[in-house]
Amino acid sequence: MFDVHHWQQLKTGLLMVLSLGLFVVGFGVSAHAATTATIVSQSSMTPTTYVRKAATGWTYNLDTSGSTVTFGAKSHYLANYPSTTWEATKKMTLKKNGANYLYYYISNVGNTVHGWILHGYLKAGATTATVVGMAKKELGKPYSYGGNGPSAFDCSGLTTYVYKNAADKTLPRTAQAQYNTYAHVSSSNLKQGDLAFFGGSTSSISHVGIYVGDGKMIDAQNYGVITEAISAPWWHLVGYARPMSLS
């Protein structure tokens, strides 16, 4: 005897399986479909440092063919780089779905992480961690009068080198000029990355170091690039200055 109820259950089950199969196939196609855009303009740019403005952005690999760009895989998630200073060296305006979007090509200081990212995820600046980290990388290198790095330094050569390479910030070359140029800060407002100046007076600055916290600085002196106390008896502290605000 033909069981109508059983047939209805079987038909309903088959329809559900077919529907699920179509959904999975459709989802797979859309999930893996490459996103393309049209290049409106592209150019190199003066290297500029940025920090993350939002932690939700991703960098992408972009493949270019003529005026068409294909978005490759996501490569790096900004949430994983809270203390990284990024350097943008190229920019590209892309048209997607009738709207224009500006992308920057960015890399970290060591150039180990890089990719294209929507510029709105970034803001101009540098991080304390990058500046202090760069200074620490120079520890142990010898002192050389007039040394600009990267193999040897004098005191202002070190501060100039660190800020240029960590933050794209060009400092004046001498300790006196650095003291004269930037806003002075009090010891109660001192932050890592600030410069500490020493000498006979405000008009006779003879030494400079980078404050790294806990009353210590990294500086280039006769024993090379070392970490030492700002209060060391062989230095006469004149004051502090802040070349730039760090995140």
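The numbers here are math on the coordinates, done by the rules we state, and not lab data. Note that the structure is a prediction, hence the values are computed from the model and not measured. Here the Cβ is made from the backbone with ideal geometry for all residues, glycine too, and neighbour counts use every protein chain on show.
A few points about this structure:
- Residue pairs exceeding 28 angstrom between C-alpha atoms, taken from 53/90; 95/164; 53/191: 95/164.
- Electrostatic dipole magnitude of the chain [Cβ: Lys, Arg +1; Asp, Glu -1; Cα centre; debye, to 20]: 460
- Here the simple spin-label model places points 7 Å from the Cα toward Cβ, and for residue 245 and residue 180 these points are separated by 2.7 nm.
- Computed log₁₀ I(q)/I(0) - Debye formula, equal Cα scatterers, no solvent, the range 35-124, q 0.25 Å⁻¹: -1.36
- Over the chain: helical MRE at 222 nm, DSSP H runs n ≥ 4 each giving -39500 (n - 2.57), nearest 500: -8000 deg cm²/dmol
- When the chain is treated as a Gaussian network with alpha carbon springs shorter than 10 Å, the biggest mean-square fluctuation among 178, 42, 192 belongs to 42.
- Kirkwood hydrodynamic radius of the chain, Cα pairs, Å: 21.6
- Length released on extending from residue 108 to residue 68, taking residue separation times 0.36 nm less the Cα-Cα span: 11.7 nm
- In this simple spin-label model, placing a label point 7 Å from the Cα along the Cα-to-Cβ direction at both residue 229 and residue 190 gives a separation of 1.2 nm.
- Over the range 128-242, equivalent-ellipsoid semi-axes from the Cα gyration tensor in Å: 18, 15, 14
- Residue of 233, 172, 82 that the Gaussian network model of the chain assigns the largest fluctuation, springs spanning Cα pairs under 10 Å: 233
- Per-residue ³J(HN,Hα) for the range 112-117, Karplus 6.51 cos²θ - 1.76 cosθ + 1.60, θ = phi - 60°, Hz, x for Gly and Pro: 9, 10, 7, x, 9, 9
- Top positive-direction residue, dipole computed over the chain with Cβ charges, set 177, 247, 50: 50
- When the chain is treated as a GNM with alpha-carbon contacts under 10 Å, the residue of 134, 217, 45 showing the greatest mean-square fluctuation is 45.
- Each label point was placed 7 Å from the Cα along the Cα-to-Cβ direction; for residue 54 and residue 201 their separation is 5.5 nm.
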